[in-house]
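Chemist: Would you mind keeping the following structure in view while I ask a few things?
Any read-out appearing in this document is the output of simple, stated calculations on the displayed coordinates, not a laboratory observation. Everything quoted here is computed from the prediction, not taken from an experiment. Positions of Cβ are backbone-derived with ideal geometry, glycine not excepted, and every protein chain shown enters the neighbour counts.
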Amino acid sequence: MARQARRILITGGAGFLGSHLCEKLINAGHEVLCLDNFYTGSKANVRDLLECHRFELMRHDITFPLYVEVDEIYNLACPASPVHYQHDPVQTTKTSVHGSINMLGLAKRVNAKILQASTSEVYGDPEVHPQDESYWGRVNPIGPRSCYDEGKRCAETLFFDYRRQHNLSIKVARIFNTYGPRMRPNDGRVVSNFIVQALTNQPITIYGDGMQTRSFCYVDDLIDGLVRLMETSDEITGPINLGNPHEFTMMELAETVKDLTGSGCRIDFKPLPIDDPKQRQPNISRARDTLNWAPSVQLRHGLTKTIAYFNDLLRSNALGAIA
Ligand code: NAD
Ligand code: UDP
Ligand code: UDP
C-alpha cells in the first residue's frame, strides 16, 4: 500500500480516460472504486485490474444517488464523443447536472475532495485564441452539441456553488481533445476514426474542408495532469486547462495517420457537423505554473502507440470472428 493510501471513487471509470486513471491510482497503491453504467465504457477496459483486491467495479448510473465512503472523487462519467452524447441528449444533460449534484452531495456528506472532468467545449466555437481560463466562451444553448456543452457548463456552476455555499474542496479540469489506447473503434472521434479507417483500408472521412484545427494530448500526459490537480491544496480549485498546445488541421492529422500506418486509403470529404468549432488550442500557463505540468508525448509517438493498440484490437476481433 502507498504511504497515504486513499479510497478513491472514479465515475466513468470503465471509459477511455477513466480506465487509465484507475490503472494509475491502483499502481500508486490506492483503493479504487470504479463506477460506470457501461454506456460507452466496458469491463474489458479494466479487465487487468479485476484481480487486484484494492480494485472494485460497480455498475451504477450517477443520475441516481450513491452512498459510499470515500476520500476522493474523480467525476468522469459522461459520454465524450459527439456521436454518443447526441444519441440520448436528455440523458447527457442529466448525467452532467443530476450526476454532478449527486456526486457533490456525496462529497459533502463524506467530506471528500472532488474533481470534475470538464471540457474545452465550455469555450464553444471560440473568438479568443488560444483559449485561457478567463474566457467565458461562445456556446450555442439550443444546438445539437448543447446537451454536452451546457451540461458541462452547469456542472462547473454547481461545483463552484458547492464550494461557495458548503466550502467543498473542488477541482475543475478543462480537458482538451485527448487520444490514446482504449478509445473505442466506433467511438466517432477523429483520431479513432482515422486510424481504424487507415488500418482497414477504408476512405478517411474528413468533415468540411479539413482546415479546422484541434490540439491533441496523449492520454498518459492528461492523466498525470488530473492526478497533479487532485493533489493540490484546498485553495486551488481551477478551472485549469489540461491539453497539448500543439495545434494542427484535420487534414494534417489525416496525412500523418496515413504516413504512420503506411495505408494507401483515399480521403473522402463529408459535410461539417453543425456548430463544429473551427479552431481550438489550450493556453496551459496556469497548469504549468500551478501544477508544474506540461505534456511531453509528441503527436507522432502517441499516434504510433495508439495505432499499435488498434492494430491488435482489429486483429483479435478478426480472429474472434473466424473462430
Ligand atoms: P468515455 O465515453 O470513454 O467515458 C465516459 C464513461 O462514463 C464511460 O465509461 C460511460 O459508460 C460512463 N458513463 C456515461 N454516463 C454515465 C452515467 N450516467 N453514470 C455512470 N457512468 C456513465 O469518454 P472519455 O473520453 O473517457 O471521457 C471521460 C470524461 O472526460 C468525460 O466526462 C468527458 O466529458 C471528459 N473529457 C474527455 C475528453 C477527451 O478528449 N477524451 C475531452 C474533454 C473532456
Ligand atoms: N447524495 C448522494 N449521496 C450522498 C449524499 C447525497 O447521492 O452520500 C445525493 C442526494 O440524492 C441529494 C444530492 O446528492 O439529492 C445533493 O445532496 P445535498 O446534500 O447537497 O442536497 P439535499 O440532500 O439537501 O438535496
Ligand atoms: N472529424 C473529421 N472526421 C471524422 C471525425 C471527426 O473530420 O471522422 C472532425 C470533426 O468535425 C472535428 C474534429 O475532427 O472538427 C474533431 O472531432 P472530434 O469528434 O474528435 O472532437 P470535437 O469535435 O469534440 O473536438
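Chemist: Calculate the length of the line joining the C-alpha centroid of region 58-82 to that of region 256-304, in whole Å.
Modeler: Using only Cα atoms, the two centres lie 28 Å from each other.
Chemist: In square nanometres, what is one fourth of the surface area of the convex hull spanned by the alpha carbons of region 32-83?
Modeler: Mean projected area of the Cα convex hull: 4.3 nm².
Chemist: Further question: With Cβ to Cβ distances under 14 Å as the rule, what net charge do the other residues near Met211 carry (K, R +1; D, E -1)?
Modeler: Value of the local net charge: -2.
Chemist: Next up: Pairwise over distinct Cα atoms, reciprocal of the mean inverse distance: report the Kirkwood radius of region 179-291 in Å, one decimal place.
Modeler: Value: 15.7 Å, from the Cα pair sum.
Chemist: Next up: Listed highest first by mean packing, meaning other Cβ atoms within 10 Å per residue, what order do 69-81, 192-204 come in?
Modeler: For the peptides 69-81, 192-204, the packing ranking is 69-81, 192-204.
Chemist: Taking other Cβ within 10 Å of each residue's Cβ, how do Tyr123, Tyr162 sort, fewest first?
Modeler: In order of increasing Cβ crowding within 10 Å: Tyr162, Tyr123.
Chemist: Aspartates and glutamates within cross-link reach of Lys113: Cα-Cα under 16 Å, excluding same-chain residues under 8 positions apart?
Modeler: Within the straight-line cut-off, Lys113 pairs with Glu31, Glu69, Asp71, Glu72, Glu156, Asp161, Glu231, Asp234, Glu235.
Chemist: Please give me the summed charge of the neighbours of Ala44: other residues whose Cβ is under 11 Å from its Cβ, Lys and Arg +1, Asp and Glu -1.
Modeler: Surrounding charge for Ala44 is +3.
Chemist: Karplus couplings for region 230-237 from phi (6.51 cos²θ - 1.76 cosθ + 1.60, θ = phi - 60°), rounded to Hz, Gly and Pro as x?
Modeler: In residue order, the calculated couplings are 4, 7, 6, 6, 4, 5, 7, 10 Hz.
Chemist: Ranked by Cβ crowding within 10 angstrom, fewest neighbours first, how are His30, His246 ordered?
Modeler: His246, His30
Chemist: List the residues of region 145-186 whose backbone N lies under 17 Å from a point placed 7 Å from the Cα of Asp132 along the Cα-to-Cβ direction.
Modeler: Under 17 Å, as judged by backbone N against the label point of Asp132, lie 174 of region 145-186.
Chemist: Could you work out how far the C-alpha centroid of region 185-253 sits from that of region 140-174, in angstrom?
Modeler: One Cα centre to the other: 21 Å.
Chemist: Among 212-221, 289-298, how do they line up from the highest to the lowest mean number of other beta-carbon atoms within 10 Å?
Modeler: Averaged packing, sorted descending, gives the order 212-221, 289-298.
Chemist: Here's something else I'd like to know. Rg to Rh for region 33-143: what is it, with Cα atoms only and Rh by Kirkwood?
Modeler: Here the Rg-to-Rh quotient is 1.01.
Chemist: By how many nm would the segment from Asp268 to Glu69 grow when fully extended, if each residue of separation counts as 0.36 nm and the alpha-carbon distance is taken off?
Modeler: My answer for the length gained is 66.5 nm.
Chemist: Enumerate the amide H contacts of Ile175 below 5 Å, restricted to partners 5 or more residues apart or on another chain; note that Pro and chain-start residues carry no placed amide H.
Modeler: Hits under the 5 Å cutoff: Ser118, Thr119, Ser120, Leu242.
Chemist: If I stretch the segment between Leu50 and Asn140 completely, what's the gain in nm (0.36 nm per residue apart, minus their alpha carbon distance), one decimal?
Modeler: Full extension of this stretch gives 28.2 nm more.
Chemist: If you don't mind, there's one more thing I want to ask. Put a dot 7 Å past each Cα toward the Cβ at Lys108 and Ser296; how far apart are the dots in nm?
Modeler: Here the answer is 4.0 nm between the modelled labels.
Chemist: Still on this structure: Sort Thr40, Thr237 by Cβ crowding within 10 Å, fewest neighbours at the top.
Modeler: By the 10 Å Cβ count, ascending, the order reads Thr237, Thr40.
Chemist: As a test of understanding, state the convex hull volume per residue of the chain from its alpha carbons, in Å³.
Modeler: Looking at the chain, the number lands at 132 Å³ per residue.
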